[in-house]
Amino acid sequence: MKWLLLAALGVGVLNACVGPTQQPKASGSVRRVVSLVPSLTEDLFAIGAGAQVVGRSLADEYPPQVKRLPAVSTFSSVDTERIVQLHPNLVVGIPAQQKATAPLRTAGVATVLMADDSFADLFADIAKLAALTGHSNEAQRLQERLRLRTRALQSAAHFRRPPSVLVVINVQPIIVAGAASYISHLVKLAGARNAAQGILQSYPTLSAEAILKMQPDAIVSDKQTNLRSVLQASPWRDLRAVAQNHIFIIDPADTLERPGPRYNEGLSWLIARLKTMAS
């Protein structure tokens, strides 16, 4: 997911509005789907539509069988010719890929772009994909299981004082998960508080001074960010979380950073790490 977050930030359209899209003619009529982002690919397999997926993005790696499918896109580029050769009656992606998917729409390929950077988006995308592919019953059962598991995890996430958590996406420059991000909602579900809650953007770039003022109780990042390599440099060395060794590195990061049906795994991981601070 890291490549997707940083690439979207680079083009500045992570939360772009969706322009005109070409919908399939009827709900449940989709039999051949190309997915351009890993989160939507996971949704499709989780609702039982995996057999209908005929193309994927280069970043897709879950579930493992998806690797057998042809890779037809990166975040910022789409192989229109190859996708057309796959004869899909639906291509799904996210709003930040609107420019990259323009040739598909010109070619008459039904293309739907769905926002996927909020907790509400996650469930809305599952329902929409299910309606398009004819798996609404499976999707309803999936959503019920996900919500039930979330409630069970939350029941064990009690802290005398909600710890403040800073989720670091990049260190040079410093990019964190802000209030509008999907990750921020997971932090809240874990019984914690996003140290960057006061910043309304999804993934803001912050100064060293801003990080120092936050003084989070814990810092969460992924292995790819290589956060530990800078902890002895300013501003990190002057943070309470670093002094107390409340640094938590998730690997792989997809269950925390990717808004997909495995989010409870990331939530469980986060709760378990935060509970070690209270012991």
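Rank the residues His158, His185 as a footprinting-exposure proxy: fewest other Cβ atoms within 10 Å of their Cβ go first.
Lowest count first: His158, His185.
Going by how many other Cβ atoms sit within 10 Å of their own, how do Thr150, Thr80, Thr101 line up, fewest first? Display every interim value, and only then the final one.
Details: Thr150 17, Thr80 20, Thr101 24.
Ranking Thr150, Thr80, Thr101 by Cβ neighbours within 10 Å, fewest first, gives Thr150, Thr80, Thr101.
Can you give me the relative contact order of the stretch 82-123 as a percent, contacts being Cα pairs under 8 Å and 6 or more apart?
On the way: 37 pairs, mean separation 17.7, N = 42.
It comes to 42 percent, rounded to a whole number.
Counting other C-beta atoms within 10 Å, and keeping those with at most 16, which DSSP coil chymotrypsin sites (Phe, Trp or Tyr not before Pro) do you find in the stretch 221-270?
Values: sites: Trp236, Phe248, Tyr263, Trp269; in loops: none.
Loop-located and lightly packed - none at all.
When only C-alpha pairs under 8 Å and at least 6 residues apart count, what is the relative contact order of the stretch 158-278, in percent? Mind showing how you got there, number by number?
Values: 203 pairs, mean separation 31.3, N = 121.
This gives 26 percent for the stretch 158-278.
Considering Cα pairs under 8 angstrom that are at least six residues apart, work out the relative contact order of the chain and quote it in whole percent.
Details: 502 pairs, mean separation 48.4, N = 279.
Computed over the chain, the figure is 17 percent.
Given that just one value was derived from the coordinates, which of (i) 115; (ii) 164; (iii) 242 is volume of the Cα convex hull per residue in Å³?
It is the value labelled (i).
Residues with amide H under 5 Å of Val176's amide H, sequence separation 5 or more or different chain, H placed in the peptide plane at 1.01 Å from N; which?
Ile169, Leu206
For Leu69, what charge total do you get from the other residues with a beta carbon under 10 Å from its beta carbon, if Lys and Arg give +1 and Asp and Glu give -1? Please report the intermediate quantities before stating the final value.
Details: positive: Arg56, Lys67, Arg68; negative: Asp60.
Value of the local net charge: +2.
Quick one: check the C-alpha center-to-center distance for the stretch 119-190 versus the stretch 252-279, whole angstrom.
Comparing the Cα centres of the stretch 119-190 and the stretch 252-279, I get a distance of 10 Å.
Given the chain, what percent of its DSSP beta bridges are antiparallel, to the nearest 5?
Details: 6 of 25 bridges.
The antiparallel fraction comes to roughly 25 percent.
Shape call for the stretch 76-145 from the C-alpha gyration tensor, a ≥ b ≥ c root eigenvalues: rounded (a/c under 1.5), prolate (a/b greater than b/c) or oblate?
Details: a/c = 3.28, a/b = 1.71, b/c = 1.92.
Here the stretch 76-145 falls in the oblate category.
Less than 9 Å Cβ to Cβ from Arg262, Lys/Arg counted +1 and Asp/Glu -1: what total charge do the surrounding residues give? Intermediate results must be reported in sequence, preceding the final value.
Working: positive: Arg258; negative: Glu42, Asp254, Glu265.
Neighbour charge sum, excluding Arg262 itself: -2.
Once you sort the root eigenvalues of the Cα gyration tensor of the stretch 27-139 as a ≥ b ≥ c, which label holds: rounded (a/c under 1.5), prolate (a/b larger than b/c) or oblate (the other case)? Don't skip to the end; give the middle numbers.
Working: a/c = 1.34, a/b = 1.29, b/c = 1.04.
Verdict is rounded for the stretch 27-139.
Most exposed first by the Cβ proxy, i.e. fewest other Cβ within 10 Å, how do Asp121, Asp251 rank? Walk me through the numbers before you get to the answer.
Details: Asp121 17, Asp251 9.
In increasing order of surrounding Cβ atoms, one gets Asp251, Asp121.
Would you mind pulling out the separation of the Cα centroids of the stretch 94-115 and the stretch 35-71, in Å?
17 Å
Every read-out reported here was derived from the displayed coordinates using simple, explicitly stated rules and does not represent laboratory data. Worth saying up front: this structure is predicted, and the values here are computed from it rather than measured. Glycine also receives a Cβ, built like all others from the backbone with ideal geometry; neighbour counts cover every protein chain displayed.
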